[in-house]
Amino acid sequence: MMLVGGMSLATLIDAMFSAPLTHRQAVRAITDGLDDFVVSPDLGLMWHLKYIYGDQPGSLDVVDMEIATMNGTLASKDVWLRLAS
């Protein structure tokens, strides 16, 4: 229901990190699946997914994501996703 009605990228990240996957598998599934969603606000033609890593020095554990656009950076809670029909 959430996929059809829409949810924030932060909600998707939290759900995937709660699944029985490693964070690496969850991040890969999220990034691979972003093309299946209609994203709001419109990101335009050029955008870049940025990874936020854990607090530990040298940590490679992704804990959040942001999307950088030509107009600035959007936090995961500000990006809305819904499945394309």
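Once the mean of 1/r is taken over each pair of separate Cα atoms and inverted, the range 2-83 shows a Kirkwood hydrodynamic radius of 13.2 Å.
The H on the amide N of K50, modeled in the peptide plane, is under 5 Å from the matching H of E66, I67, A68, each at least 5 residues off or on a different chain. Starting at the first residue of the range 30-38, write each ³J(HN,Hα) from the Karplus equation 6.51 cos²θ - 1.76 cosθ + 1.60 with θ = phi - 60°, in whole Hz, x for Gly and Pro. Once rounded to whole Hz, the list reads 5, 5, 5, x, 4, 5, 7, 10, 8.
Where nothing but the Cβ of Lys and Arg (+1) and of Asp and Glu (-1) is charged, how large is the charge dipole of the range 2-83 around its Cα centre, in debye to the nearest 20? Intermediate values should be presented prior to the final figure.
Numbers: 5 positive and 10 negative charges, 13 e Å.
About 60 debye.
Working note: Karplus 6.51/-1.76/1.60 with θ = phi - 60° gives the range 10-22 the couplings 4, 5, 4, 4, 4, 5, 5, 6, 7, 6, x, 10, 6 Hz, where Gly and Pro are set to x.
Per-residue Karplus couplings for the range 56-68, computed as 6.51 cos²θ - 1.76 cosθ + 1.60 with θ equal to phi - 60°, are listed in order as 5, x, x, 5, 10, 7, 6, 10, 6, 9, 10, 10, 8 Hz, Gly and Pro entered as x.
Read-outs: derived from the displayed coordinates by stated rules, not from any lab. Everything numeric here is computed off the predicted structure, so don't read it as measured data. Here the Cβ is made from the backbone with ideal geometry for all residues, glycine too, and neighbour counts use every protein chain on show.
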